[in-house]
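Q: For reference, the structure I am asking about is given below.
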Amino acid sequence: MDHKERLRLRFPVLESERLRLRGLELRDSEILYACITHPQVQVYTAFKPHTLLFPDRLMRYFMDSYRNLRDLHFAVEWKETGDCIGLCSLQRWNPGSGSARLGYLLAPEWWNRGIATEAVRLITRFGFEHLELRQIEAFCGETNLASRRVLEKCGYSEQGSVGAAFVTQLKYTCDRTLTVRG
């Protein structure tokens with residue numbers, strides 16, 4: 001049984017001391033929509049409000065991704081309350097090349113608490129240990145210093161800048177052969 005078949009049978013739950021990364025549920029749609037469309041988050045994401053329109057359309061996008069398993073989207077849940085506080089993903093997953101792209105976001109009220117670092121460590125370890133990825137890449141805005149620190153703390157190394165629509169993005173990679181700090 002390959003990785004995709006196993007994931008279709010049972011989507012993983014990843015846990016740390018404070019967080020649970022789990023499959024998305026319908027109850028997450030409103031909070032994720034509010035998070036993704038929040039002006040402080042919008043500055044740093046590829047999601048644009050006019051393309052999402054409504055929370056149900058956002059969830060359809062996530063559910064289509066799940067059915068096709070091209071992207072693995074996890075709700076970031078605060079264990080203490082069971083509340084969804086963000087999203088962490090392995091996108092553009094290619095089992096053949098052993099590669100994926102990391103994506104993550106948190107509601108602004110959860111920033112600066114080490115939560116993004118904790119979530120990125122969990123999903124990076126999962127990618128290398130369970131999906132047998134060889135490399136995970138990530139992009140973040142050049143001015144997004146907090147996100148740059150998250151990636152560096154989790155073992156990602158900067159590879160240079162990439163021109164993107166209206167903003168310079170920095171490319172980071174993390175290779176399986178290197179030790180993922182954590």
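Q: Mind listing just one residue for me: the one in the range 163-180 that is surrounded by 13 or more Cβ atoms within 10 Å (Cβ to Cβ) and part of a loop (DSSP other than H, G, I, E, B) and, of those, modelled with the highest pLDDT?
A: Restricting to residues being surrounded by 13 or more Cβ atoms within 10 Å (Cβ to Cβ) and part of a loop (DSSP other than H, G, I, E, B), the top hit is Arg176.
Q: Given the residues Thr81, Thr143, Thr117, which is the only one that is in contact with a Ser or Thr (Cβ under 9 Å, 6 or more places away or on another chain), surrounded by fewer than 21 Cβ atoms within 10 Å (Cβ to Cβ) and either at negative phi or among the acidic types (Asp, Glu) (or both)?
A: Thr143
Q: Oh, and also: Considering only the range 37-77, state which residues are at pLDDT 75 or above, among the β-branched types (Val, Ile, Thr) and farther than 16 Å from Pro108 by Cβ.
A: none
Here is a yes/no grid of residues against (1) in contact with a strand residue (DSSP E or B) (Cβ under 6 Å, 6 or more places away or on another chain); (2) in a loop (DSSP other than H, G, I, E, B); (3) without any contact (Cβ under 8 Å) to a residue 12 or more places away in the chain:
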position: Arg101; (1), (2), (3): yes, no, no
position: Asn112; (1), (2), (3): no, yes, no
position: Thr117; (1), (2), (3): no, no, no
position: Leu122; (1), (2), (3): yes, no, no
position: Arg125; (1), (2), (3): no, no, no
position: Glu137; (1), (2), (3): yes, no, no
position: Val150; (1), (2), (3): no, no, no
position: Glu158; (1), (2), (3): yes, no, no
position: Ser161; (1), (2), (3): yes, no, no
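The values are calculated or read from the model by the stated rules, or taken from the named source; none is laboratory data. Bear in mind the structure is a predicted one, so any value in this text is a computation, not a measurement. Because the Cβ atoms are built from the backbone with ideal geometry, glycine has one as well, and the counts that use them run over all protein chains shown.
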